[in-house]
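Below is one structure, written out as structure tokens; comments come after it.
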Amino acid sequence: KNEVEQSPQNLTAQEGEFITINCSYSVGISALHWLQQHPGGGIVSLFMLSSGKKKHGRLIATINIQEKHSSLHITASHPRDSAVYICAVGIEGTSGSRLTFGEGTQLTVNP
Amino acid sequence: NAGVTQTPKFRILKIGQSMTLQCAQDMNHNYMYWYRQDPGMGLKLIYYSVGAGITDKGEVPNGYNVSRSTTEDFPLRLELAAPSQTSVYFCAATLGSGHSGNTIYFGEGSWLTVV
């Protein structure tokens, strides 16, 4: 079982819809990151959070440490939001720290 | 600032050839990483470096080598390329350790095909 699980794997929405992408993890973490990967490959950091909630424009990220779960919400979705969204968790270990990535959620927003 | 710059963006290699993927950052970040991304899979860590002169293996280091002679540069060397190394490679950098308080900056990716 992967340490980081995302759902759904694929998501298709109509422009304007409210979108939720989920991330569950099975280990203790130091932080959780949400990343966006556009067609053509570049990866951009959207959020880094260790508790609570963060908002940036139409994007909202929440995390529940007790339940080991995070959600990424997109309000008033737009075709330009079409991308792969990746959840990654930072794990501190005795041999150092590492990031473990989910497999990503492919989001397609149709006009 | 350019951030993290990777070259080349695309490359086709024949089995057994060698090549170096270049990665440079101008943010004075100590930590640098190389990941590979296979279709439908999460990014896997190949090697990382916590500062100039220090490198360490990640999850999938076999078939690769790295060096970190300066803070800015972190090249990834593929020796004796194999079809299993066909992948997209990403270089990344963070300011400090643990990822706990640090934004991750990625390069644009390098698409490598071994035939």
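The values are calculated or read from the model by the stated rules, or taken from the named source; none is laboratory data. In this text, all values refer to a predicted model and were calculated from it rather than measured experimentally. With ideal geometry, Cβ positions are generated from the backbone for all residues, glycine too; neighbour counts draw on all protein chains shown.
Please go through segment A:45-59 and give me each residue that is within 9 Å of chain B (Cβ to nearest Cβ) and touching a His at 6+ places or on another chain (Cβ under 8 Å), ordered by number.
Answer for segment A:45-59, where residues must be within 9 Å of chain B (Cβ to nearest Cβ) and touching a His at 6+ places or on another chain (Cβ under 8 Å): A:Ser45, A:Met48.
Please note which strands (runs of 3 or more DSSP E) are completely contained in segment A:1-53 and include at least 1 residues that are farther than 15 Å from A:His73 by Cα, among the hydrophobic types (A, V, I, L, M, F, W, C) and modelled with pLDDT of 95 or more.
So the answer is none; nothing clears 1.
For a quick check of your reading of the model, give me the residue pairs whose first member lies in segment B:90-106 and is within 7 Å of chain A (Cβ to nearest Cβ) and at pLDDT below 85, whose second is part of a loop (DSSP other than H, G, I, E, B) and surrounded by fewer than 24 Cβ atoms within 10 Å (Cβ to Cβ), with beta-carbon atoms closer than 6 Å and at least 6 apart or on different chains.
That search, which allows pairs on different chains as well, returns B:Gly98/A:Ser30; B:Ser100/A:Ser30.
One residue is enough: does segment B:48-57 have a residue meeting the conditions within 14 Å of chain A (Cβ to nearest Cβ), surrounded by 14 or more Cβ atoms within 10 Å (Cβ to Cβ), of a type in the set (S, T, N, Q) and within 30 Å of A:Leu107 (Cα to Cα)?
Checking segment B:48-57: not a single residue is within 14 Å of chain A (Cβ to nearest Cβ), surrounded by 14 or more Cβ atoms within 10 Å (Cβ to Cβ), of a type in the set (S, T, N, Q) and within 30 Å of A:Leu107 (Cα to Cα).
Looking at the structure I just gave you, is B:Gln25 of a type outside the set (Val, Ile, Thr), under 16 Å from B:Asp73 (Cβ atoms) and surrounded by 13 or more Cβ atoms within 10 Å (Cβ to Cβ)?
The answer is yes for B:Gln25.
For residues in segment B:61-95 being among the aliphatic types (A, V, I, L, M) and out of contact with any Leu (no Cβ under 7 Å at 6 or more places or on another chain), which is farthest from A:Ser45 (Cα to Cα)?
B:Leu80
In this structure, does B:Trp111 turn out to be under 20 Å from A:Ile43 (Cβ atoms), aromatic (Phe, Trp, Tyr) and either facing chain A (nearest Cβ under 8 Å) or surrounded by fewer than 17 Cβ atoms within 10 Å (Cβ to Cβ) (or both)?
yes
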